[in-house]
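The values are calculated or read from the model by the stated rules, or taken from the named source; none is laboratory data. These numbers were taken from a predicted model, which means no experiment stands behind them. For neighbour counting, all protein chains shown are included, and Cβ atoms are generated from backbone atoms with ideal geometry for every residue, glycine included.
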Amino acid sequence: MKILLADDDPVARQWVGQLLRPHARTLLLARDGEEAWALLAGGSRPCIAVADVWMPRTGGLELLRRVRAHAACSDLPMILVGHAADPQMLQEARALGASTFLLKPQLAAQARCVAAALVRQSRRCRSEHFLMTLRRTGTDLDALERSLCALRYDLHASAGGSHEVTLDTLHARSADLGLRRCAELVERAASEEPAAAKVLLRECAALVQDQLDEIGCVPPAAEYRLAA
């Protein structure tokens, strides 16, 4: 799982990054909201984003506004961070759907708990844990990996215009593999215009890759013992 951190202060990026690193395999760093938006618009899909409110070019509120208007990442949990918060700014942040607002002087104590909770929530919304998928389907890790790779290939092919596999089939396979968010986006793609549908299908392929990344970071399958 990835976390995106956007802050124009290099000291703050290092400090906040150290707080967040235990909760993410990859930490994406951006020097301002414009760099953060370029990462998101380019296909990077963190499980949560943390953005300073006051940054040059594009601040945290504007970044949040763009995220909420983007079909592929509109539900991205976002934490806004600042040295001070006036009521009007907090009201705007809530209206835009910010997950929470943290003040930097008290950040250390809050960030660990908030980030951990949001990462867990994001994981549950995206997919079930692959160990649960193994137990539910009665398959082994190698077979699950092959199924995920095949689904990723078909999603990319469908996004490229191939109609060899129907969206109904892609939806059923995503659901069977425990990929909740992927199944949801495939279902949405069925009612979208072709251009928007392609964006959603590419997003689905990225979600499948995230699950493959999770599997790739575990010990050999023989070391796992699923509870009865």
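For Arg65, the test of being surrounded by fewer than 23 Cβ atoms within 10 Å (Cβ to Cβ) and either farther than 20 Å from Asp210 by Cα or out of contact with any strand residue (DSSP E or B) (no Cβ under 9 Å at 6 or more places or on another chain) (or both) is passed. Within the range 21-50, the set of residues being under 15 Å from the mean Cα position of the chain (by Cα) and under 19 Å from His83 (Cα atoms) comprises Ala49, Val50. Scanning the range 149-179 for residues that are closer than 20 Å to Arg124 by Cβ and among the polar types (S, T, N, Q) gives a single hit, Ser174. Considering the range 180-209, the residues that are touching a His at 6+ places or on another chain (Cβ under 6 Å) and surrounded by 17 or more Cβ atoms within 10 Å (Cβ to Cβ) include one that is nearest to Gln121 (Cα to Cα), namely Ala183.
Quick one: is Gly59 more than 22 Å from Gln121 (Cα to Cα), out of contact with any Gly (no Cβ under 7 Å at 6 or more places or on another chain), crowded, with 18+ Cβ neighbours inside 10 Å and not charged (D, E, K, R)? No. Consider the range 183-228 and keep the residues that are part of a helix (DSSP H, G or I) and of a type in the set (Asp, Glu). The one that is modelled with the highest pLDDT is Glu187.
Results for (1) under 21 Å from Arg202 (Cα atoms); (2) touching a residue at least 40 places away in the same chain (Cβ under 8 Å), shown as yes or no for each residue.
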position: Gln14; (1), (2): no, no
position: His23; (1), (2): no, yes
position: Asp32; (1), (2): no, no
position: Ala36; (1), (2): yes, no
position: Thr58; (1), (2): no, no
position: Leu63; (1), (2): no, yes
position: Val67; (1), (2): yes, no
position: Ser74; (1), (2): yes, no
position: Leu96; (1), (2): no, no
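Within the range 85-100, count every residue that is more than 15 Å from Glu62 (Cβ to Cβ), of a type outside the set (Ser, Thr, Tyr), at pLDDT 80 or above and surrounded by 14 or more Cβ atoms within 10 Å (Cβ to Cβ). Selection size over the range 85-100: 1.
Of the residues Ala51, Ala72, Ala36, Ala30, which single one is of a type in the set (A, V, I, L, M, F, W, C) and out of contact with any strand residue (DSSP E or B) (no Cβ under 7 Å at 6 or more places or on another chain)?
On the way: Ala51 fails: out of contact with any strand residue (DSSP E or B) (no Cβ under 7 Å at 6 or more places or on another chain); Ala36 fails: out of contact with any strand residue (DSSP E or B) (no Cβ under 7 Å at 6 or more places or on another chain); Ala30 fails: out of contact with any strand residue (DSSP E or B) (no Cβ under 7 Å at 6 or more places or on another chain).
It is Ala72.
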